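Notes follow the structure.
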2 protein chains.
Amino acid sequence: MQRTRFGDMACSIARTLDIVGEPWSPLILRDVYVGITRFDELQRDLGISSKVLSERLKGLVDNGVLERRAYSQRPPRHEYTLTDKGRELCDLLLVMVRWGDRWTAGESGPPVLYRHHDCGQISHVELHCSVCDRLMRATDVDVLPGPGA
Amino acid sequence: MQRTRFGDMACSIARTLDIVGEPWSPLILRDVYVGITRFDELQRDLGISSKVLSERLKGLVDNGVLERRAYSQRPPRHEYTLTDKGRELCDLLLVMVRWGDRWTAGESGPPVLYRHHDCGQISHVELHCSVCDRLMRATDVDVLPGPGA
DNA sequence: CCAGTAACTTCCCTAAGGGAAGTCGTTGGG
DNA sequence: CCCAACGACTTCCCTTAGGGAAGTTACTGG
C-alpha cells in the first residue's frame, strides 16, 4: 500500500501529517501526555498490536516528538516521554478535543474535562491571534504565500 | 488491513480521528478551505488516486464535514463545500500549521502566511482559555473525568 | 530452576492505498 | 452527425501496511 509521502510538500499541514497523520500516533501522544508511558501499558490501553505500536513509537522518537529513556538498567526497562516538540504537539489534541466535544459527543456530554491551571475553571481552548489577542479562526484569516513557498 | 474503529471510544480525540484521522482527509479539507472544491481539481492538486479521493469525499460528506452540491444540472457537475462542522474543523488546520511552521519548516520559513481580518497583521494562532482568556496549552491543564466517561 | 514481566520482533493473513483504465452523461467543433 | 473532450467517478489489479498471535530476550523473585 505504498503511502504517498507528505514530508516534502511545501505545506506545514502536510508536513505535520507526515508525523502524526495516521490514526494511532495522536492517541499514543494522548496516552503519554496523561502519563501512560510504558510499552505494555500503551498496548493494553489502546488495544493496538505490539507490532504497530513499536513502529509508531520508533517513528515518533525519530521525529523528535517522544524520547525513549531507560528508567531501569537491570532489568532493562524503558519509558517514553514527551519532548518540547511533543508537548507543543499536544496543543493539537486540545483542539481535537474541543471539536470532538462539540460535534461527536452524544447526550452524555464530554468524556473528559480540562481544568485550566491559571483560573481553576473547567474550560476549553479558543484560538486567538498572536498579535491582537482577539479570536482568530479559520474563517477569520486570509491565506497568502510565504517565503518557504 | 482491518482498521481498528475509533468512533465508539469514550474519547473526543479518538472520535475526531475517526473522521479525519488518516492522512488525506485534512489535506482535502485544506484544499476545500482555500477554494479547491471540485473533484478533478482536488485530484490534480493532491496527487491522490481518484479511488481514494472519492472514498474520502464520501466519508467526509457522510460525517457532515463537507456538502456535495450540483453547481450545474446539464451537464451534471458537482462541488464540495464546507459545512459549519467542517469550517470549525479547519481551526484544527491552523493549529497544525502553527506547529508545522515552528518545527518542520526549514531555513526558508513558512510556506504560507495567515493575515488576521480583525487586525490586518500576519500572525498565527495561540490557544486561550474560554473562561479567563489567558494562554491555555496542554501543559496548563489538569485532565478530569467528565459526564460522558 | 521455573514462572513472570517488560519490551519487543517475526509470521501470516487480509484489506486498504496507488495507478491505470474504463464508464457515463453531456457538450462543442469539424 | 460523429468523435474528442471533460467532469466525476468506478473497476481492476497489485503491493504493502495493519491486526493478531506467537516467539524472543533479558532479567527477577520465589
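Each other copy holds its own label point for A:Asp45; taking that point as 7 Å from Cα along Cα to Cβ, the gaps run 3.7 nm, nearest first. The spread of Cα positions in chain A, taken along each principal axis and listed from longest to shortest, comes to 54, 41, 30 Å. Computed per residue of the protein assembly as shown from DSSP H runs no shorter than four, each worth -39500 (n - 2.57), the mean residue ellipticity at 222 nm is -12500 deg cm²/dmol.
Taking all Cα pairs closer than 8 Å and separated by 6 or more residues, the relative contact order of chain A comes to 15 percent.
Which order do the peptides B:21-31, B:62-72, A:136-146, A:79-89 come out in when sorted by mean C-beta neighbours inside 10 angstrom, highest first?
On the way: B:21-31: 22.1, B:62-72: 14.7, A:136-146: 17.0, A:79-89: 18.5.
Listed from highest to lowest mean packing, they are B:21-31, A:79-89, A:136-146, B:62-72.
Take A:Gly64, move 7 Å from Cα toward the beta carbon, and the resulting point lies 4.0 nm from the same point in each other copy, nearest first.
In nanometers and ordered shortest first, the copy-to-copy spacing of the A:Leu144 label point, defined 7 Å from Cα toward Cβ, is 4.3.
Step through the table entries A:Lys51/A:Lys85; A:Lys58/B:Lys58; B:Lys51/B:Lys85, compare each Cα-Cα distance with 30 Å, and write down the pairs that go over it. All intermediate terms of the calculation are to be shown ahead of the outcome.
Values: A:Lys51/A:Lys85 25 Å; A:Lys58/B:Lys58 33 Å; B:Lys51/B:Lys85 25 Å.
The answer is A:Lys58/B:Lys58.
Could you work out, residue by residue across A:23-33, how many beta carbons of other chains sit within 10 Å of that residue's beta carbon, and then give the average as an integer? Across A:23-33, the average partner-chain Cβ count within 10 Å equals 4.
Per residue of B:85-92, other chain Cβ atoms within 10 Å of the residue Cβ number 6 on average. Cβ-Cβ distance of B:Val143 and B:Gln73, R₀ of 51 Å, FRET efficiency by 1/(1 + (r/R0)^6): the value works out to about 0.50.
Across peptide B:72-81, what mean number of C-beta atoms from other chains lies inside 10 Å of a residue's C-beta? Write out the running numbers ahead of the final one.
Numbers: counts 0, 0, 0, 0, 0, 0, 0, 0, 0, 0.
Other-chain Cβ atoms within 10 Å of each residue's Cβ, averaged: 0.
Net length available on complete extension from A:Asp62 to A:Asp45 is 3.8 nm, with 0.36 nm assigned per residue and the Cα-Cα distance removed.
FYI, it's all coordinate maths here, none of it is from the lab. As the structure is a prediction and not an experimental result, all values here were calculated from the model. Don't worry about glycine lacking a Cβ; one is built from the backbone with ideal geometry, like all the others, and counts go over all protein chains shown.
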